[in-house]
Amino acid sequence: MKKVCIILLSLFTILFFISCGSTPAAEEQEPEAPETSEVVEDVVEDTSDSEIDAEAEAERLAALIEQVNDARQAAIDAYADENCPDQMEKLDALLDGLKDSSDPEADAKALIDKYNLLANYSNAVEAKYEIDENDWQSYAQSNYDRGVDYLDKVEEALDSDSVDFDKSVYSDAENALKEFNAVLNIAYKKIAKEEREAALEAKKKADSVKAGVARKAEYKEAAELIQSGDSLYSMQNAKKAVEKYTDAKEQFTYLYEDVSEKRAAAQAAIEEAKRRVAESEKFAEEADMKAPITEQVEGIEDEDAVLLEADDYEDPEDAEADIAEELEDEYEEDIDDVEAE
């Protein structure tokens, strides 16, 4: 009996351990990933800002390069590629290397200044050439002499191998151009006054043959050229004014000669007609003496008959353009002011 109890107790013990070993183990949970949404947003935001900055920088550099190209074109328009070709080549080489520059913005601004320097220098050279060709130095000798001094300094700097110029070189180029332009302005003002007087003399000749009536449209056009020249002169553009006055002079001269020639031809035709009428009258008188007409003949008007209606002719003087004889300006004062500088 005791053995049976021991056996049963052993069985219960075994079964108990078996049941405990078969209890399922708790499921392992995978660790959750840490939240990174805020970090991602910050990275995206930082990337976006850097892209905007890069785009703004690119746009700013593109605008500067456009300004460099504009300055370069201005220098070419001033014939800098002919008057200072070596310096133009050096600046063009710097322009080609601008994309590889460590500081493209600063280098672009420096190039703009250098191209402007060559443009001013070349314009000064061209202005001096025009003055020398026409012997206009005496119109403003002191201005001319100062311009030559400034130009010599610029040429000395340009003859060096360097393109890093002192600030004074830039101002010397500007001053040289300013002085030569002063000479040209005074010269063209004097020439404009002379050409205007010549145009008015040509107009008087055209008025003498009534060109305003015979060739109304062309006469008006010539008169408007003088008025246009007066307007340009008052706006300190004496050079363009000279062109207008010269064109007006040539137009009035042409009208005078052409109308005079046609009037002469018409007068000759009138004289010839008078001669033929006189001959016809003489022949008619002789015929009337031989065989006088005693009755009305159809087709022949009475002696006192009015064949044409009276014509109210336009007064030729009304067709003449009214243009002031004198041109009001500050010419003498301008000369005094420039010489006193």
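The values are calculated or read from the model by the stated rules, or taken from the named source; none is laboratory data. Only a predicted model underlies this, so the values are computations on that prediction, with no experimental measurement involved. Heads up, the Cβs are rebuilt from the backbone with ideal geometry, glycines too, and the neighbour counts pull from every protein chain shown. Please note that ligands, DNA and RNA were not included when accessible areas were found on the heavy atoms of the full protein model with its side chains. Shrake-Rupley method; radii C 1.70, N 1.55, O 1.52, S 1.80 Å.
Determine ³J(HN,Hα), in whole Hz, for all residues of the stretch 261-269 in sequence, where each value follows from phi through the Karplus function 6.51 cos²θ - 1.76 cosθ + 1.60 and θ = phi - 60°; x replaces Gly and Pro.
Once θ is set to phi - 60°, the couplings for the stretch 261-269 become 5, 5, 5, 5, 5, 5, 5, 5, 5 Hz.
Given Cβ point charges of +1 (Lys, Arg) and -1 (Asp, Glu) and nothing else, what value in debye, to the nearest 20, does the dipole of the stretch 173-219 about its Cα centre take?
Magnitude of the dipole: close to 360 debye.
Taking the Cα-to-Cβ direction at Asp86 and at Glu325 and moving 7 Å from each Cα, how far apart do the two end points lie in nm?
Between Asp86 and Glu325, the simple spin-label model gives 5.9 nm.
If you average the sequence gap of Cα pairs under 8 Å that are 6 or more apart and divide by the length of the stretch 38-179, what percent do you get for the contact order?
Details: 109 pairs, mean separation 35.9, N = 142.
25 percent.
Structure shown: which of Lys190/Lys210; Lys204/Lys244; Lys90/Lys178; Lys114/Lys189; Lys153/Lys240; Lys216/Lys239 lie over 23 Å apart, alpha-carbon to alpha-carbon?
Check vs 23 Å cut-off fails for Lys190/Lys210; Lys90/Lys178; Lys114/Lys189; Lys153/Lys240; Lys216/Lys239.
Could you tell me what percent of the accessible area of the stretch 47-107 is made up of carbon and sulfur, with a 1.4 Å probe and every protein chain present?
48 percent
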